[in-house]
Each structure stands twice: as structure tokens, then as C-alpha cells.
1. Scan region 29-63 residue by residue and report those that are assigned to a strand (DSSP E or B), surrounded by 11 or more Cβ atoms within 10 Å (Cβ to Cβ) and of a type in the set (D, E, K, R).
2. Only one of ILE26, ILE66 is of a type in the set (A, V, I, L, M), surrounded by fewer than 15 Cβ atoms within 10 Å (Cβ to Cβ) and at pLDDT below 90. Can you tell me which?
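The values are calculated or read from the model by the stated rules, or taken from the named source; none is laboratory data. In this text the structure is predicted, and so the values were computed from the model without any measurement. Quick reminder, even Gly has a Cβ in these numbers, built from the backbone with ideal geometry, and neighbours come from all protein chains shown.
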Amino acid sequence: MKTILLFFAGFLMLQVQAQQTKITLIHNFKGKIDQYPVEINLRSNLQNDTITGSYYYTKKGRDKNIFLEGTLKNNTLTLKEVVYTTLNGNSIKKHLATLNYY
């Protein structure tokens, strides 16, 4: 019986793995695109250098978000504007523009 318990305990110890901590930074900005006021929300994942977020023109309101996806690598921020549409019940993602900031 002791042998079975020791084997089972050893098996359980092999199955235990530490969880990786996910660190996400949230950045909120207010500014202008040309003369139009905007609010921007960005979330950066430090483990894989990904950036997600959205922005909207203040005059149009929060329900008119334009979504952003991108990366931050080698001090270069690359963002793509993304629009989601529905066609025949399927969600489709379209890239509208790509922006690079150095």
C-alpha cells in the first residue's frame, strides 16, 4: 500500500507546474487627430509584446470604437486599425490601416 501511495504522490508532483504570471499594462490617453479630440485605450502584454486597444472620436462617443492591434518591438510601436463586420452570421476582421511609431 505504501508503494502505491508513494507512486501516486510522485506522479502528482510531476504533474504540478507553476503558472506564468501575465502582466498587462493599461494606458489611457486623450489627444487630437488633426483638430478632432480622441480618447485612446491601449493594453500591452509584456510577455509577448502585443498591444490591443481602441480609440474613439469624443464627439461620436464610446460606442463608435475603432479597434487596434499591434506590437511593440525594438522601440517601434506598430498598430493596425481593425474593423469587425458580420457576413452571413460570420464575424470577419478587416485591417484598415497600419501605423508605425518610432
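1. Hits for region 29-63 are GLU39, ARG43.
2. ILE26
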